[in-house]
Amino acid sequence: MPDQRILSFGSLDEVMPEVHRLLAGHTTVGAWTLGQILDHLATAVRLTCIGRGGTAASERSDVLKRRFFRVGKFPQGAQAPHPSLIPIPGSDPREQAEILRQALARFASAAGPFPDHPLLGALDKDEWSVFHCIHCAHHLGFAIPVPG
């Protein structure tokens, strides 16, 4: 079984071309299908625009935030900070790709204010963009394109 790919997105504009490449043919390594990955990513982006209920960021947020952006990747095995981020089994990848595209478009046009991240605390739009680039690269790395 191949390992997770190491991806990096310089902007959110690079995400959907990679999704379309995966829709043309892929295998996944890890627990989620491509549909579940896209569901998770779309929900995360959508929550950035509409917010979510839950607890405020911890006192350690500044330390976690600096470390996250310095390292530029998700720790392996990190748990979703909100139950709505757990994807539904059986999610259709093409449907979820469209939902992700819409969420990214909504985020691109959003002026804020943006909700705090539950672990990283307050993020401005540029920080949220970098966060989502890292987040998308992490999860899409579990889908491996199949040639042809």
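Where a number appears in this text, it was derived from the coordinates with a stated rule and is not lab data. Nothing here was measured: the structure is a model prediction, and the numbers come from that model. Cβ sites come from the backbone with ideal geometry, for glycine too, and all protein chains shown count toward neighbours.
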Tilt relative to the chain, helix 61-71 - C-alpha long axis, 0 to 90 degrees, to 10: 40
Matching label, Kirkwood radius over Cα pairs in Å computed from the structure shown, candidates (i) 15.7; (ii) 15.1; (iii) 17.2: (i)
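With +1 on the Cβ of every Lys and Arg and -1 on the Cβ of every Asp and Glu, and nothing else charged, how large is the dipole of the chain about its Cα centre, in debye rounded to the nearest 20? Mind showing how you got there, number by number?
On the way: 14 positive and 14 negative charges, 45 e Å.
I would put it at about 220 debye.
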Radius of gyration and Dmax over the Cα atoms of the range 71-140, both given in Å: 13.1, 34
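How much length is gained if the chain between residue 86 and residue 13 is pulled fully straight, taking 0.36 nm per residue apart and subtracting their Cα-Cα distance, in nm to one decimal? Mind dumping the intermediate values first?
Numbers: separation 73, 0.36 × 73 = 26.28 nm, distance 2.44 nm.
Length gained between residue 86 and residue 13: 23.8 nm.
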Of 96, 17, 47, farthest towards positive along the dipole that unit charges on Lys, Arg, Asp, Glu beta carbons give the chain: 47
Computed [θ] at 222 nm, helices only, for the chain once each DSSP H run of length n ≥ 4 contributes -39500 (n - 2.57): -15500 deg cm²/dmol
Chain lengthening between residue 69 and residue 50 when straightened (0.36 nm per residue, less Cα-Cα): 4.5 nm
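Expressed in nm to one decimal, what extension gain is obtained for the pair residue 31 and residue 111 from 0.36 nm per residue of sequence separation less their Cα-Cα distance? Don't skip to the end; give the middle numbers.
Working: separation 80, 0.36 × 80 = 28.80 nm, distance 3.48 nm.
Roughly 25.3 nm would be gained on extension.
Quick one: if the Förster radius is 22 Å, what FRET efficiency do residue 102 and residue 20 give, using the C-beta to C-beta distance and rounding to 0.05?
Numbers: r = 15 Å, r/R0 = 0.67.
My answer for the efficiency is 0.90.
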